[in-house]
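Novice: Below is one structure. I have some questions about it.
What follows is calculated from the coordinates using simple rules that are stated; it is not laboratory data. All figures in this text were calculated on a predicted structure; none of them were measured in a lab. Ideal geometry is used to build each Cβ from the backbone, glycine not excepted, and the neighbour counts take in all protein chains shown.
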Amino acid sequence: MRGIVHHITEELRNTARELLASGRISAFLGFREGDHPMTVAPFAARTAEEVELLIFNSFCVLNSANTIPELLRDLTPPAKRGEPPNEPPMIGVIATGCWSRNIVVQIQEHQVPRDKLVIVGVASRGMVDRRKVLAKLPNSDVYSVEEQDHLLLVRGRGYEVEIPRWEVVRDNCRSCSHPEAVDFDLWIGPKTGPRSIDAPFQELEEIEGLGAAGRWEWFSNEFSRCIRCYACRNACPLCYCPTCFVDDSRPQWVGKSADFSDTATFHLLRAYHCAGRCTDCGACESVCPMDIPLRKLTKKLYKAVKERFGFEPGLSSGATLPLSTFSSEDREEFILRPGGPGQEER
């Protein structure tokens, strides 16, 4: 049964093929099928033949913005000694709402040049959480998954199961109010418009109500599973420091041991590094092999920035990132003052 994702994939391939044939771009960045069902891999098509490998479906949980800086560097020819650096070629890239917003942040932070990108916008239908799918199956031996408009048809060892698609959509997609690309040059697929979410931060309420001791206990229990593989950092389109603070040795900010204090330091500092920049794309949580709810930290900071500054990242390339500027009107109720607000448990 050919549905929405099939038609979007066909439009994507046709668009990429035309852009490459015209010479407007040197490569088109998207995704191809992964090695296992319900997985995809980033892929840069450089020829008409490679375009046929491009796909778009509900398992594209990685953020396409993460690969842009590296692809531009790889495609830029090295300059001869004594000559200025060469200009990178133009590339095409597919972008949903959160992916395009991360591209906007990268442009604001001078990581990618806007004039070297042809952004092909698409509306996200909500990406599927592979773990939610597996939880509904009699066993994890999945042979194939067919995505229909409203159902997933899963075939595996000894079973064939139909799963309503929205039941297994990722939590961040269920609370996303900007499913459409916000900055684009071309468009494929149907448009959906913004979504109205009654309680976008509802998933934080239980933890927020625990008190300081309860929150620390929750954090310690969940993040003690971390094996320091850094998959979350590597999948994040905002983690592009030349040397990550966890890899710095002069000075050494974080130890390499399995001590929880080092693990906690890594996750807390990484979350704060993303404050005012994270679009809640969920890539970090999707790649975590230990099922750690990483988004709870970044979502809390997303909420704080929105409430204090009225700001959501990536909606406008002309906006100033809130933590890189100052206004005398900024709220300061979180600052501790002797005997004043903030001294009580918050």
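Novice: At 10 °C and 1.306 mPa s, what whole-number value in µm²/s does Stokes-Einstein give for the translational diffusion of the range 103-256, with Rh from the Kirkwood sum over Cα pairs?
Specialist: The diffusion coefficient I find is 80 µm²/s.
Novice: Read phi for every residue in the range 141-154 and hand back ³J(HN,Hα) as whole Hz from Karplus 6.51 cos²θ - 1.76 cosθ + 1.60, θ = phi - 60°, with x for Gly and Pro.
Specialist: 7, 8, 8, 7, 9, 9, 8, 9, 4, 10, 9, 10, 9, 9
Novice: Same structure, new question: Enumerate cysteines in the chain without a disulfide-compatible partner, where compatibility requires another Cys Cβ under 4.7 angstrom.
Specialist: Unpaired cysteines in the chain: Cys60, Cys173, Cys176, Cys226, Cys229, Cys241, Cys244, Cys288.
Novice: Local charge sum around Glu10 (other residues, Cβ-Cβ under 11 Å, Lys/Arg +1, Asp/Glu -1)?
Specialist: Values: positive: Arg2, Arg13, Arg17; negative: Glu11, Glu52.
Once all neighbours under 11 Å are counted, the net charge is +1.
Novice: While we're looking at this one, here's another question. Quick one: Kirkwood hydrodynamic radius for the range 202-324, alpha-carbon pairs, angstrom, one decimal? Don't skip to the end; give the middle numbers.
Specialist: On the way: mean 1/r = 0.0644 Å⁻¹.
Averaging 1/r across every pair of different Cα atoms and inverting gives 15.5 Å.
Novice: In whole Hz and in residue order, list the ³J(HN,Hα) couplings for the range 315-331 that follow from phi through the Karplus curve 6.51 cos²θ - 1.76 cosθ + 1.60, θ = phi - 60°; x for Gly and Pro.
Specialist: Running phi through 6.51 cos²θ - 1.76 cosθ + 1.60 with θ = phi - 60° gives 7, 8, 5, x, 6, 9, 4, x, 8, 10, 9, 9, 9, 5, 8, 4, 6 Hz.
Novice: Separate question: With the contact rule set at Cα under 8 Å and sequence spacing of 6 or more, what percent relative contact order holds for the chain?
Specialist: Numbers: 540 pairs, mean separation 54.2, N = 346.
Relative contact order comes out at 16 percent.
Novice: Here is a further query. Can you work out ³J(HN,Hα) from phi for every residue in the range 59-66, in order, using Karplus 6.51 cos²θ - 1.76 cosθ + 1.60 and θ = phi - 60°, giving whole Hz and x for Gly and Pro?
Specialist: Per residue, the Karplus-derived 3J(HN,Hα) values read 9, 7, 7, 7, 9, 4, 5, 4 Hz.
Novice: Going by amide H atoms built from the backbone, whose H comes under 5 Å of the H on Gly92, apart from near neighbours?
Specialist: It is Ser26, Ala27, Phe28, Leu29, Val118, by chain and number.
Novice: Next up: Expected output is a single nm value to one decimal: the length gained when fully extending between Asp198 and Ile227, i.e. 0.36 nm times separation in residues minus the C-alpha distance. What is it? Display every interim value, and only then the final one.
Specialist: Working: separation 29, 0.36 × 29 = 10.44 nm, distance 3.59 nm.
The span from Asp198 to Ile227 would gain 6.8 nm if fully extended.
Novice: How far apart, in nm, are two points set 7 Å out from the Cα along the Cα-to-Cβ line at Trp253 and at Asp185?
Specialist: 3.5 nm
Novice: Could you sort the peptides 241-253, 56-68, 17-29 by per-residue average Cβ neighbour count (10 Å cutoff), highest mean leading?
Specialist: For the peptides 241-253, 56-68, 17-29, the packing ranking is 56-68, 17-29, 241-253.
Novice: Can I ask one more? For Val169, enumerate residues with amide H under 5 Å from its amide H, sequence gap 5+ or separate chain, H modeled in the peptide plane.
Specialist: It is Asp129, by chain and number.
Novice: How high is the relative contact order of the range 1-113, in percent, counting Cα pairs under 8 Å that sit 6 or more residues apart?
Specialist: On the way: 141 pairs, mean separation 29.1, N = 113.
Relative contact order of the range 1-113: 26 percent.
Novice: Once you have the Kirkwood Rh of the chain from its Cα pairs, apply Stokes-Einstein at 4 °C and 1.567 mPa s and quote D in µm²/s. Mind showing how you got there, number by number?
Specialist: Working: Rh = 22.0 Å.
Result for D is 59 µm²/s.
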